[in-house]
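Shown next, in structure tokens, is the structure this report addresses.
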Amino acid sequence: MTFIIKCLDCGHNAPYFPTSTTCPKCGSQWREAEYDYELFGKTLPDKVKTRQFDLWRYRELLPVRNPNTSLSLGEGYTPLIRAGNLGLMLGCPNIFIKDERQGPTASFKDRQAAVTIAALKEAGITEMVAASTGNVAISYSAYASRAGMKLWAFVTSLVPAVKMREIALYGSQVIKITGSYDQCKQVAAEFARQRKLYLDMGARTITSIEAMKTIAFEIADQLTDILGSGENTRLRTPDWYVQAISGGMGPLGVHKGFREMQQMGWVDRTPAFAPIQADGCAPMVYSWKKGLAKAEPVASPKTHIETLATGDPGRAYEFLKGHVDSTGGAFESVTDEEAFRAMHVLAKMEGISAEPAAGAAFAGLFKLIRAGVIKPSETVVINCTGHTMPAEQRILGENWARDVKFPSLTQAPQEEGLLSALTQVAPERFPKVAIVEDTLEARRLIRRILQSQGNFTILEAENGRAGLDLIQRELPDLVVLDLMMPEMDGYSVIEALRAHPETATIPIIVATAKELTADEKNRLSGHIQALLQKGDFLNDEFLEEVRSLLK
């Protein structure tokens, strides 16, 4: 046998059986798998070179003795994508997105389901129970159906109906619980106890933690391919790993993955961990900030992000706190509104439509960079845990679509009818913003920030002379202006605009990378509405200025 199960409380070692959920010596439910790290550290690197890129690439480090390839749905080895536009916006060029949306059922829970169902199938188990806020039940349902197993899925009544229907589509039995997610877990556990069925226990489930550590293996592989090897190591690790959490299972597993690679000599360090929670249900964050050794439960979660609504994390907090503290990481929380806004930014700047929980992770990333906790020079990997379901109204806000009524041919000729219809699509009522900036990347960044937050008609010019001509011709509602440009600098553009009545009152925001002297600031005083340093856009100051000037 190449692995054993070690109790995290008394240290007792025992063989692995999926139905054995407690330590035979002390009764603890907190145990983890251990492997022959010295052996695998030497032998696995050569073995994996010829293997396909999926979750089972490092199969010797998973608690399944003979992986059944017929159960696979193509799980694992999701892309690691550089977030170039976000990096520009945040002034942090090495941000990478682990795109777990690209799993078989579009969430990182596919890893948990793939490994757990494989282990249960190997043990001859044919029926199981799981409590879920949606994603894990969908993943388990897909893999259980493939393995010919019965799943009893307990979900809260707040889980979107579209997710419940997908769970049922796979043949699972959906049981809706009117109550909190913690109460849902209690009902599921009692149901499993009475019927003597296998129960998924989240972070206490050995296969779940083992499955999540494959994220770490893949990140190290992929980051090495992208950035090259680090010093004295075969594989590269990021400086930070960021993920939204409910019960904390994901980061617990990912930390174990990096720790195992360090034990095997593949990497020389473990990244700092940043678990993110929703403000309305952040027992780990608030307990950590208070310096508490144990988490204070949140009795009544108040968040619309149902997948993050675990009010009582139990001992998962103690283990995760140890990982965060030992790596120099940080817990952080964000509001629902910040998470929804981050979803917009991510979709509009990177083309990635993510679930609200992933939006919370990105909002947390923004917050940590703004606070200086994550430094501009550091490499960050953020887990995009799942794809968005059909977007709800509260996320999109008002006016997200425009209605077009095509006139009948009896009312007008077809060409005129088409032109009439098109005028309804793009009415000339959106504020015009002129960007005058000689650097293409800076113009693109400002454009994307504006596009991510509202409807604007955006005009661009690449130097001061062209910018002045553009402004005088188009008379925009707002000008975003650089100071240091060829042909004509920003100071001269401002003076020319203020000298003519038709342009004298157009608001101007100066965005510059230059540190201005007192004399230079005096020269601008009274002629512009705001002076912003490039790289400071993250703190919403730029967008707030734009909104205030366009009201």
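The values are calculated or read from the model by the stated rules, or taken from the named source; none is laboratory data. The structure presented is a predicted model; accordingly, all values stated were derived computationally and were not measured. Using ideal geometry, Cβ is built from the backbone for each residue, glycine included, and neighbour counts are taken over all protein chains shown.
Quick notes
- Filter result for the condition that a residue is within 17 Å of the chain's Cα centre (by Cα), surrounded by 19 or more Cβ atoms within 10 Å (Cβ to Cβ), part of a helix (DSSP H, G or I) and free of Cβ contacts under 8 Å to residues at least 60 places away in the same chain, over Ala216, Ala220: Ala216
- Within region 445-464, the set of residues being within 18 Å of Thr512 (Cβ to Cβ) and either surrounded by fewer than 17 Cβ atoms within 10 Å (Cβ to Cβ) or among the aliphatic types (A, V, I, L, M) (or both) comprises Leu445, Ile446, Ile449, Leu450, Ala461.
- Candidates are the residues of region 299-347 that are surrounded by fewer than 24 Cβ atoms within 10 Å (Cβ to Cβ) and of a type in the set (Phe, Trp, Tyr); the one that is nearest to the chain's Cα centre (by Cα) is Phe340.
- Lone unmet requirement of (1) under 24 Å from Asn383 (Cα atoms); (2) touching a helix residue (DSSP H, G or I) at 6+ places or on another chain (Cβ under 7 Å) for Arg204: (2)
- Selection of region 2-12 for residues being touching an Asp or Glu at 6+ places or on another chain (Cβ under 8 Å) and either at pLDDT below 95 or more than 19 Å from Glu318 (Cα to Cα) (or both) yields Thr2, Phe3, Ile4, Ile5.
- Taking first residues from region 41-54 that are without any contact (Cβ under 8 Å) to a residue 40 or more places away in the chain and partners that are in a loop (DSSP other than H, G, I, E, B) and exposed (fewer than 14 other Cβ atoms within 10 Å of the Cβ), the Cβ contacts under 8 Å between residues at least 6 apart in sequence or on separate chains come to Asp54/Gly74.
- Only listed residue being modelled with pLDDT of 95 or more and surrounded by 12 or more Cβ atoms within 10 Å (Cβ to Cβ), chosen from Ile471, Ile509: Ile471
- Segments classed as helices (runs of 4 or more DSSP H), wholly inside region 265-360, with at least 3 members that are modelled with pLDDT under 95: 336-350
- Of the residues Phe40, Phe3, Phe17, the single one that is among the aromatic types (Phe, Trp, Tyr) and more than 33 Å from the chain's Cα centre (by Cα) is Phe17.
- Test for Ser408: is it crowded, with 16+ Cβ neighbours inside 10 Å, modelled with pLDDT under 80 and not in a strand (DSSP E or B): no
- Among (1) more than 19 Å from Arg547 (Cα to Cα); (2) in contact (Cβ under 8 Å) with a residue 40 or more places away in the chain; (3) not basic (Lys, Arg), the one test that Leu478 misses: (1)
- Failed criterion for Gly179 (all others in (1) crowded, with 16+ Cβ neighbours inside 10 Å; (2) more than 27 Å from Lys49 (Cα to Cα); (3) in contact with a helix residue (DSSP H, G or I) (Cβ under 9 Å, 6 or more places away or on another chain) hold): (1)
- Subset of region 196-224 (residues that are in contact with a strand residue (DSSP E or B) (Cβ under 9 Å, 6 or more places away or on another chain), more than 19 Å from Arg269 (Cβ to Cβ) and modelled with pLDDT of 95 or more): Leu197, Tyr198, Leu199, Asp200, Arg204, Thr205, Ile206, Thr207, Ile209, Glu210
- Where Pro160 falls short, out of the listed (1) farther than 26 Å from Leu55 by Cβ; (2) buried (at least 19 other Cβ atoms within 10 Å of the Cβ); (3) not small (Gly, Ala, Ser): (2)
- Answer residue from region 238-261, given it is touching a strand residue (DSSP E or B) at 6+ places or on another chain (Cβ under 9 Å) and part of a loop (DSSP other than H, G, I, E, B) and is surrounded by the most Cβ atoms within 10 Å (Cβ to Cβ) among those: Ile245
- Complete set of residues in region 183-212 that are buried (at least 24 other Cβ atoms within 10 Å of the Cβ) and closer than 30 Å to Ile95 by Cβ: Ala203, Ser208, Ile209, Glu210, Ala211, Met212
Let's see how each residue does on (1) assigned to a helix (DSSP H, G or I); (2) hydrophobic (A, V, I, L, M, F, W, C); (3) within 30 Å of Ala342 (Cβ to Cβ):
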site: Ala442; (1), (2), (3): yes, yes, yes
site: Ile449; (1), (2), (3): yes, yes, yes
site: Asp469; (1), (2), (3): yes, no, no
site: Met484; (1), (2), (3): no, yes, no
site: Ile494; (1), (2), (3): yes, yes, no
